[in-house]
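Asks: Structure below; questions to follow.
The values are calculated or read from the model by the stated rules, or taken from the named source; none is laboratory data. Quick caveat: nothing in here was measured; it's all calculated off a predicted structure. Here Cβ is always computed from backbone atoms with ideal geometry, including for glycine, and neighbour counts include all displayed protein chains. With ligands, DNA and RNA removed, areas are computed over all heavy atoms of the protein, side chains included. Shrake-Rupley method; radii C 1.70, N 1.55, O 1.52, S 1.80 Å.
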Amino acid sequence: MIINLYPWLKNLYKDIIFSNIFKRKNFGLIINYSTNLNADNLIINLIKWLFCDYKINHYFCNKCLNCNLLNNNNHPNYFDFKNNNNISLDKVKDLNNIFLNSLYISKYKVIYFSNFNFNNKFINNFLLKIIEDSFYDVIIIFSCLNYIKIPNTILSRCYKYIIYLPNETYILNWILNNYKYIKLNFNKLTILASIRINDFSPVLSIFFLKKLWLLRKIFINNFNLIFSKNINKYFKLFYNNNLLKYYIKWFLYILLDILRFNRLNYIYYNIDYISIIKNFNNLISVDKIFLIIDKIFIFLCDLKNNLNLNKDIFYYNLIYNIYYLINS
């Protein structure tokens, strides 16, 4: 019998299982989180436990027919819409046919919407019908960043659970104890910076240290290019389309640290580059920083609400705006 979960998910996993909500067969379950804490890891373990023929307490066997079908992504009674923020209504309506043709090798049918966006009212109404109608005999699981945006009609018919952020010290110790490569190659200040600029997500922090740390180092060491009167030199700072989303985020955290520099007892994001933050402290006015931060947040809202538009256009429009704000 096994369980394969990140440590910050284990207590929530047990809470959900021992809450007895699975005595019902037709309901919704919402898993809410504030940053990437790998909700998929929690939910796939819940689903394996649900389907397992030989589960004991909160453990599943990982060897029975249902477990093997799930491991091979081939279970006829499990349907997932992973990381798809723009699901069509027709695709969701196809679930009707799937339900009618599903096999009775397990007593549950489960649909999982990962990182779900509740903006489409037609999809919301259809899912509400499934939750309310006992004919479907199905469990719908949603994972999402902010359940406040979920329509009350759906929210009131779902069980709600929150994945809470681990604290900074816990994440630091977990990384040091589980990733020898990181422990040998990075000091504690660098690891702390990675945790803070990745919104206290252990998963994203690991990815950053393995894949993006050197790129951030180059970016910060060339940050003085934002003050260049030569727009071509300025654009060298943001030259890579595939990395623009990271550059914008790192840029934002540098600005926030500059604002915090002269204030006591503030936690710096870029704690490993305080000397560089100090150098830029007098090069850009507070008013301009606030204007730029305002532009970045407007940009992030526009980007989120216009899913079908070219993201590169949004990014470059923001970069131009920042350039003219700095040099005006």
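Asks: Count, please, the residues in segment 117-149 that happen to be modelled with pLDDT under 80 and either part of a loop (DSSP other than H, G, I, E, B) or more than 28 Å from CYS301 (Cα to Cα) (or both).
Replies: Of the residues in segment 117-149, 10 are modelled with pLDDT under 80 and either part of a loop (DSSP other than H, G, I, E, B) or more than 28 Å from CYS301 (Cα to Cα) (or both).
Asks: For segment 155-163, check the following and say yes or no: at least one residue is open to solvent by less than 80 Å² (accessible area, probe 1.4 Å), more than 30 Å from PRO202 (Cα to Cα) and among the charged types (D, E, K, R).
Replies: Looking through segment 155-163, none of the residues is open to solvent by less than 80 Å² (accessible area, probe 1.4 Å), more than 30 Å from PRO202 (Cα to Cα) and among the charged types (D, E, K, R).
Asks: Something else now. State whether one or more residues within segment 181-192 are surrounded by fewer than 18 Cβ atoms within 10 Å (Cβ to Cβ), at negative phi and not in a helix (DSSP H, G or I).
Replies: For segment 181-192, residues surrounded by fewer than 18 Cβ atoms within 10 Å (Cβ to Cβ), at negative phi and not in a helix (DSSP H, G or I): present.
Asks: Using beta carbons and a limit of 8 Å, which pairs, at least six apart or on different chains, have the first residue in segment 308-328 and assigned to a helix (DSSP H, G or I) and the second one open to solvent by 30 Å² or more (accessible area, probe 1.4 Å) and of a type in the set (Val, Ile, Thr)?
Replies: These pairs meet every condition: TYR323/ILE231.
Residues checked against (1) at negative phi; (2) exposed (fewer than 13 other Cβ atoms within 10 Å of the Cβ); (3) touching a residue at least 12 places away in the same chain (Cβ under 8 Å):
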| position | (1), (2), (3) |
| --- | --- |
| PHE208 | yes, no, yes |
| ILE218 | yes, yes, no |
| ILE226 | yes, no, yes |
| LYS233 | yes, no, no |
| LEU237 | yes, no, yes |
| ASN241 | yes, yes, yes |
| TYR246 | yes, no, yes |
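Asks: Name every residue in segment 269-307 that is in a helix (DSSP H, G or I), in contact (Cβ under 8 Å) with a residue 40 or more places away in the chain and among the hydroxyl-bearing types (Ser, Thr, Tyr), in order of residue number.
Replies: TYR273, the sole residue that qualifies.
Asks: Okay, next question. Is it fair to say LYS210 is among the basic types (Lys, Arg), assigned to a helix (DSSP H, G or I) and under 19 Å from the mean Cα position of the chain (by Cα)?
Replies: yes
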